[in-house]
Amino acid sequence: FKIFEFIENEWVNSYFKSIYPSENFLSIFKKSKILKDEIFSPLIVLVTFTLFLLLATEPVSRDLQFTILIAFISFFIGAAILPRFVLNDSEKNQIPLFDTKDVYSIGFCLTLIGILFLFISIASVGGLPILKSSLRYSLKPIFTMPVFLVIPGIGLIASHRLNQYKKGEISRSQVRFRFLVLTLIGMITVLTLEYRTPIIAILLMMIIIAYYGEILSVWEVILGALIGVCAIMGIGYLRSLNELAISSNTSMFSTLENRANFTMHVLNLLNQISGNFGILHGKMIASSMPGSDLGPRMLVGKLIAWRTEVTVTPTLLGQMIVDFGKIGVALEMCLLGFILGTGYKIIKITKDTFYIAIYSLILTYSILGVETGILDIQILFYFFIISFIYLAVILKDKGIKIY
């Protein structure tokens with residue numbers, strides 16, 4: 001590891017670092033309490049959904065408008081109101097804390113598994129999908145799913161590094177450099193398979209962790225968000241060009257707008273056929289399980305009489321509408337808001353780096369799920385495990401021990 005220490009020292013003491021803007025650059029942003037402390041509260045999910053609606057020019061039916069209103073109100077109740085009744089702000093010591101060395105070990109193992117399966121995936125198709133797009137469609141989910149374990153893996157490693165910084169074991173420059181290295185490792189890993197959403201997931205998760213770990217300035221967070229948007233547009237544009245889906249005369253913004261329009265069109269159709277109580281009654285979420293004939297996004301394609309051999313993104317509300325209609329939207333959005341709201345309250349009480357990491361993970365997938373939905377089995381598993389941790393925290397706060 002001497003070589004890594006050498007590179008880190010060169011970076012920390014480099015000339016370029018000396019000319020990089022300080023944390024007080026554009027300090028005007030610090031005067032806003034929302035920008036300084038609340039950018040990544042659970043309500044960012046509603047803000048993201050609103051921006052997505054504004055991006056799409058597809059007309060939204062009156063019935064779908066009512067469904068979206070139900071979703072927004074339910075999420076707000078779950079995120080902003082219900083958590084007030086489950087945790088006592090003054091009882092910090094009642095919340096169990098985890099040994100960051102154990103957290104680091106888990107994160108390192110997950111990252112190692114992800115990188116190992118990256119090589120297995122490449123070997124299974126006989127090439128690099130990033131160099132030959134057609135190979136991406138030959139990738140086997142049984143090999144690619146473990147690759148994405150690198151995302152929570154680097155998040156947990158980052159939480160340990162952040163804890164070292166808070167204890168004074170490493171400097172601010174060192175922890176920022178290590179965050180950068182972790183981010184690059186994760187992004188290169190998933191970029192090799194030419195996946196777009198996981199790249200954004202890694203970037204967004206690391207920004208959120210760094211934001212609440214107070215190693216990023218507000219202006220850097222805003223810059224990172226802009227880079228993320230440009231990455232979405234750029235990668236989608238290049239992929240569409242490679243697949244001959246668009247011509248070189250088409251603008252990058254148009255590809256993003258067209259994607260939003262198509263996704264909202266899908267949501268309109270799903271809302272139209274599902275009514276108040278849904279039509280599948282849990283079958284769509286169950287189709288996320290390995291071994292299902294059709295995955296949830298392929299099932300969406302079948303429902304709207306599209307092509308069943310391709311995946312169709314149904315937005316965050318799609319599964320809720322199809323499975324249980326407007327009733328499902330109200331209950332599931334309230335539950336999602338409550339999970340995020342509880343996690344947010346815990347990090348505000350404890351400032352603990354592990355809780356920051358797991359909150360950042362589920363918030364990231366909630367934001368990305370605005371378009372894609374929360375339908376992948378590994379993401380559902382993350383939510384299940386983290387919800388169980390939050391439940392244990394709530395029960396301990398109430399004096400009930402389950403461990």
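Quick note: the coordinates plus some simple rules give every number you see, no bench work behind them. Since the structure is predicted, the reported quantities are computational estimates derived from the model, not experimental observations. Backbone-built Cβ (ideal geometry, glycine too); neighbour counts: all protein chains shown.
Structural remarks
- Between Ile130 and Glu194, the built amide H atoms are under 5 Å apart, and every one of these is 5 or more places off in sequence or on another chain.
- Computed from phi, the 3J(HN,Hα) profile of the range 379-396 under the Karplus parametrisation 6.51, -1.76, 1.60 (θ = phi - 60°) reads 5, 4, 5, 4, 4, 5, 4, 5, 4, 5, 4, 5, 4, 4, 5, 5, 5, 5 Hz, with x in place of Gly and Pro.
- Less than 5 angstrom separates the built amide H of Asn276 from those of Lys326, all sequence-distant by 5 or more or on a different chain.
- Using θ = phi - 60° and Karplus 6.51 cos²θ - 1.76 cosθ + 1.60, couplings along the range 126-131 (whole Hz; Gly, Pro as x): x, x, 9, x, 5, 8
- Modelled this way, with points 7 Å down the Cα-to-C-beta line, the labels at Asn88 and Phe52 are 3.9 nm from one another.
- Taking other C-beta atoms within 10 angstrom as a stand-in for reagent exposure, Arg136, Arg297, Arg172 fall in the order Arg172, Arg136, Arg297, fewest first.
- In a reduced charge model with +1 at each Lys and Arg Cβ and -1 at each Asp and Glu Cβ, the chain shows a dipole moment near 380 debye about its Cα centre.
- Subset of Lys326/Lys351; Lys101/Lys348; Lys348/Lys398; Lys33/Lys166; Lys167/Lys398 violating a 26 Å alpha-carbon distance limit: Lys326/Lys351; Lys167/Lys398
- Read-out volume of the Cα convex hull per residue in Å³, derived from the coordinates shown; its label in (i) 191; (ii) 156; (iii) 167: (iii)
- Note on Ser14/Leu226: beta-carbon distance plugged into 1/(1 + (r/R0)^6) with R0 of 30 Å gives a FRET efficiency of 0.75.
- Only Cα pairs under 8 Å and 6+ residues apart enter the sum, and on that basis the relative contact order of the chain stands at 25 percent.
- Ratio Rg/Rh, restricted to the range 89-176 and using Cα atoms, in which Rh is the Kirkwood radius: 1.18
- Charge dipole of the range 47-164 (Cα centre as origin; +1 on each Lys and Arg Cβ, -1 on each Asp and Glu Cβ, all else neutral): 360 debye, rounded to the nearest 20.
- Over the range 318-403, the hull volume per residue, using the convex hull of the C-alpha atoms, is 110 Å³.
- Full extension of the chain segment joining Glu169 with Ser292 gains 39.4 nm, where the gain is 0.36 nm per residue of separation less the Cα-Cα distance.
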